[in-house]
Amino acid sequence: MAKKTPSTRARKADHIQINLTEDVRSGQSTGLEKYSFPHQALPELDLGKVRLNLSLFGKDISAPLLISSMTGGTEEAGRINRVLAQAAQRAGIPMGIGSQRAALEDPKLAGTFQVRKFAPDIPLFANLGAVQLNYGLTAEDCQRAVDMIEADGLILHLNPLQEAVMPDGDTDFSGLAKKIERVCKQLSVPVIAKEVGWGISDKAASQLVDAGVSAIDVAGAGGTSWSEVEMHRAETETQRKVASSFVDWGIPTAESIQIVRKIAPELPIFASGGIRSGVDIAKAIALGATLGGLAGPFLKAATESPEAVLLEIERFIREIQITMFACGAGDLTALGKIQLKKG
Ligand SMILES: Cc1cc2nc3c(=O)[nH]c(=O)nc-3n(C[C@H](O)[C@H](O)[C@H](O)COP(=O)(O)O)c2cc1C
């Protein structure tokens, strides 16, 4: 793959720093707050026996929770990935790593992404920007990224708005669906398509289903806003103003889940973008998602320790379990059938 400047590594370091120190929230909410569960005073369930486990791409996981793709490529990012992987392994939940483009450009960086030895049993997802397929990335490179981390799947992220507002962005998104289709056909593992915080529309979902993706992560609006992150990286006042104009952009997570579920009734759907509690995850599942993913909140905990990440994971799991108990859903299939109240 061709080398690009300015350095992908420098950008990744900026991203971590900005996410940790600045308010980068979307101007929109996820929309999940508009829904509530019907309370069940007589659930006829034993809380301790409420089952949260499910199978994901042939592996059993203990709860419908994903550590969303974030980082790699620098020393600090490598440490964060190792902390996240240890916590994910202990909790038995899946994890994505950040874009591996830097390691395809410079194989010396591969170690900052290689966390399999810390997480031998969980579903682990490789990550690359889909747009790179228009800038020299090949299906063989995608397979190298998967092999590099012994991944169970490849997440291809779609981030047109982020690329458009960043000073050094790759903005040719033409003809990408066909190239994604080729990757889906050639890869040895499932391909998951993912936004980064502006959601998947019905048109995009149809294109992705036609391309043959095995799952979609809606990564909707309501959480981390990448135009806000890029606003903090802007080099000129004009760039800053352009980026800040998009603070309210995107399809809220709650809406995107329902849109994608309609287009793809059978596909696993990951719900991310502003998910901040186990109640949010349970709502996302009742609206049609398979599991919920979080990025920003886990980043902050990962700067502390695996124990801090694990505490957060356990809190989310407890909240999902109590939500299911209090609405009378004994397992995730039952949770998926609960009718939420709107308004
Ligand atoms: C520091 C950081 C780095 C990220 N890097 C990537 C990435 O490399 N690839 C990707 O697909 N998404 C990336 N994301 C996006 C997240 O996976 C997620 O879709 C988005 O942040 C919305 O989730 P949140 O509101 O829980 O943060 C990153 C998020 C954060 C916070």
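The values are calculated or read from the model by the stated rules, or taken from the named source; none is laboratory data. Note that the structure is predicted; figures quoted are calculated from it, not measured. Backbone-built Cβ (ideal geometry, glycine too); neighbour counts: all protein chains shown. When the accessible area is computed, the model is the full protein with side chains, heavy atoms only, and any ligands, DNA or RNA have been set aside. Shrake-Rupley method; radii C 1.70, N 1.55, O 1.52, S 1.80 Å.
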## Note on the structure
Under a 1.4 Å probe, counting only protein heavy atoms, T236 has an accessible area in Å², nearest 10, of 70 Å²
### Message
Using Cα springs under 10 Å in a Gaussian network model of the chain, which residue among E181, E230, E33 shows the largest mean-square fluctuation?
### Response
E33
### Summary
Out of D14, D280, D46, a Gaussian network model of the chain with alpha-carbon springs under 10 Å gives the largest mean-square fluctuation to D46
### Task
Could you order E237, E75 by accessible surface area, starting with the largest, using a probe radius of 1.4 Å?
E75, E237
### Task
Please give the net charge around A130, taking every other residue with its beta carbon less than 11 angstrom from that of A130, where Lys and Arg add +1 and Asp and Glu add -1.
-1
### Task
Using amide H atoms built 1.01 Å from N in the peptide plane, name the residues 5+ places from G153, or on other chains, whose amide H lies under 5 Å from its own.
L124, A126
### Message
Placing unit charges on C-beta atoms (Lys and Arg positive, Asp and Glu negative, everything else neutral), compute the dipole magnitude of the stretch 68-171 about its Cα centre in debye, rounded to 20.
### Response
440 debye
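Please work out the average accessible area per residue across the stretch 202-341, using the 1.4 Å probe convention, and give it in Å².
40 Å²
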### Query
Hey, if you put +1 on the Cβ of every Lys and Arg and -1 on every Asp and Glu Cβ in the stretch 106-164, which of G111, L158, P123 ends up farthest toward the positive end of that dipole?
G111
### Query
Taking only the alpha carbons of the stretch 107-235, what extent do you get along each of the three principal axes, in Å, biggest first?
38, 33, 29
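With N residues in the chain, what two-decimal value do you get for its Cα radius of gyration over 2.2 N^0.38 Å?
0.94
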### Task
In nm, give the distance between the simple-model label positions of D248 and S29, each being 7 Å from the Cα along the Cα-to-Cβ direction.
1.5 nm
### Query
How big is the gap, in Å, between the Cα center of the stretch 287-320 and the Cα center of the stretch 62-129?
15 Å
### Task
For the chain, give the share of DSSP beta bridges that are antiparallel, in percent and rounded to the nearest 5; count only bridges with both residues there.
20 percent
### Query
Add -39500 (n - 2.57) for each DSSP H run of 4 or more in the chain, then divide by its residues: what number comes out at 222 nm, to the nearest 500 deg cm²/dmol?
-12500 deg cm²/dmol
### Task
Provide the gained length on full extension for the span Q239 to K203, in nm with one decimal, where the gain is 0.36 nm per separating residue minus the Cα-Cα distance.
10.0 nm
### Summary
Any GluC sites (Glu not before Pro) in the stretch 291-343 that lie in a DSSP loop and have at most 13 other Cβ atoms within 10 Å would be E304
### Message
Can you compute the charge dipole magnitude of the stretch 129-201 about its Cα centre, using +1 on each Lys and Arg Cβ and -1 on each Asp and Glu Cβ, nothing else charged? Give it in debye, rounded to the nearest 20.
### Response
280 debye
### Query
Charges only on Cβ, +1 for Lys and Arg, -1 for Asp and Glu: so what's the dipole of the chain about the Cα centre, in debye to the nearest 20?
320 debye
### Query
What does the charge count near S36 come to, summing +1 for each Lys or Arg and -1 for each Asp or Glu among other residues with Cβ under 11 Å from its Cβ?
+3
### Charge tally in the Cβ shell below 11 Å around R240, where Lys, Arg are +1 and Asp, Glu are -1, R240 excluded
-2
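Take the solvent-accessible surface of the protein heavy atoms, probe 1.4 Å, and return the percent of it on the stretch 184-300 that carbon and sulfur atoms account for.
52 percent
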### Task
For the chain, set up a Gaussian network in which alpha carbons nearer than 10 Å are linked by springs, and say which option among V191, V260, V242 fluctuates the most.
V242
#### Entry: Nearest-10 value in Å² for the accessible area of M70, using the 1.4 Å probe
40 Å²
### Query
Once label points are set 7 Å from the Cα along Cα→Cβ at both L42 and Q17, what is their separation, rounded to one decimal in nm?
6.1 nm
### Query
If you plug each phi of the stretch 251-257 into the Karplus form 6.51 cos²θ - 1.76 cosθ + 1.60 with θ = phi - 60°, what whole-Hz ³J(HN,Hα) values come out, in order, with x for Gly and Pro?
9, x, 3, 4, 6, 5, 4
### Pairwise label distance in nanometres, Q339 with R51, each label 7 Å out on the Cα-Cβ vector
2.6 nm
